[in-house]
1. If we count other beta carbons within 10 Å of each Cβ, what is the order of Arg188, Arg16, fewest first?
2. Please compute the modelled spin-label separation between Phe3 and Thr119, points set 7 Å along Cα→Cβ, answer in nm with one decimal.
3. What is the Cα centroid distance between region 10-84 and region 131-181, reported in whole angstrom?
4. May I ask which residue of Thr197, Ala12, Leu50 lies farthest towards the positive end of the charge dipole of region 4-225, with charges of +1 (Lys, Arg) and -1 (Asp, Glu) on Cβ and the Cα centre as origin?
5. Based on the Cβ-Cβ distance of Arg222 and Asp13, what FRET efficiency does E = 1/(1 + (r/R0)^6) give at R0 = 22 Å, to the nearest 0.05?
6. Using Cβ counts within 10 Å as a stand-in for footprinting exposure, how do Phe198, Phe89 rank, fewest first?
7. Size of the dipole of region 81-193 about the Cα centre, Lys and Arg at +1 and Asp and Glu at -1 on the beta carbon, nothing else charged, in debye to 20?
8. How high is the FRET efficiency between Arg105 and Ala151 when r is their beta carbon distance and R₀ equals 25 Å, given to the nearest 0.05?
Amino acid sequence: MSFRIAPSILSADFARLGEEVRAVQAAGADLIHFDVMDNHYVPNLTVGPLVCEAIRPHVTIPIDVHLMVEPVDALIPMFAKAGANIITFHPEASRHVDRTLSLIREHGCKAGLVFNPATPLEYMDYVMGKLDIVLMMSVNPGFGGQSFIEAVLPKISAVKKKIDAHVSAGGQPIWLEVDGGVKVDNIRRVAEAGADTFVAGSAVFGARDADGGYKTVFEKFRRALA
Ligand code: DX5
Ligand code: ZN
């Protein structure tokens, strides 16, 4: 089983963002998780396509854009043009979920749905064929550094079951990513619940000044997953 670790730039030093994404890539990151917040869908405001375009030349790994915005569709062509490789959105923030997924794929990106801890999984049932990724939130979206919500573990397993059933029926592979409060001491349990891709914001960027820097965190994550 191969696992992917996706540092969230939310906890990076924004004044040195290019340097920061290069450093986490060198330390072993598999994706750059790019959190987009609009002060409408979530009570916080972050960055848009301009900043995605600015970091694109600094890394070769995929940029995983997590849209916490409402409405969704107008931003998709802009992020595709800015160099996004994966675009995920919250289904309740789009009026036409199937259409939004198609729009992302038509723009050459991998497409995914994001579920908050309380969002019903039924949203994925009739669009399985258009999903490349499912992102399960293990905190309420809006801020980095929150605690992992334990009640989400069985929900991760429920998503994994749906994905496995889809794949055994001949469907395409779908990544299962988990976002929020993922740390060295709980990543193994998250993997055991069925996740293969892990977002880590404060756990990675919090190690900025630690001995060994970012490299040590990735080593600890990989050891916990081995
Ligand atoms: C929260 C964001 C997360 C967040 C994760 O709304 O979607 O990606 O940055 O940060 P940590 O790992 O600190 O919980
Ligand atoms: Zn995120």
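Derivation of every value follows stated rules applied to the coordinates shown; laboratory data play no part. Values in this document were obtained by computation on a predicted structure and should not be read as measured data. Please note: Cβ atoms are built from the backbone with ideal geometry, for glycine as well, and neighbour counts cover all protein chains shown.
1. On the way: Arg188 14, Arg16 11.
With the sparsest Cβ surroundings first, the list reads Arg16, Arg188.
2. 2.4 nm
3. First find each Cα centre; the distance between them is then 20 Å.
4. Going by the Cα projections, it comes out as Thr197.
5. Details: r = 24 Å, r/R0 = 1.09.
It comes out at approximately 0.35.
6. Details: Phe198 26, Phe89 29.
Going from least to most buried by this count: Phe198, Phe89.
7. Working: 13 positive and 12 negative charges, 33 e Å.
Using only the charged Cβ atoms, the result is roughly 160 debye.
8. Values: r = 32 Å, r/R0 = 1.27.
After rounding, the FRET efficiency stands at 0.20.
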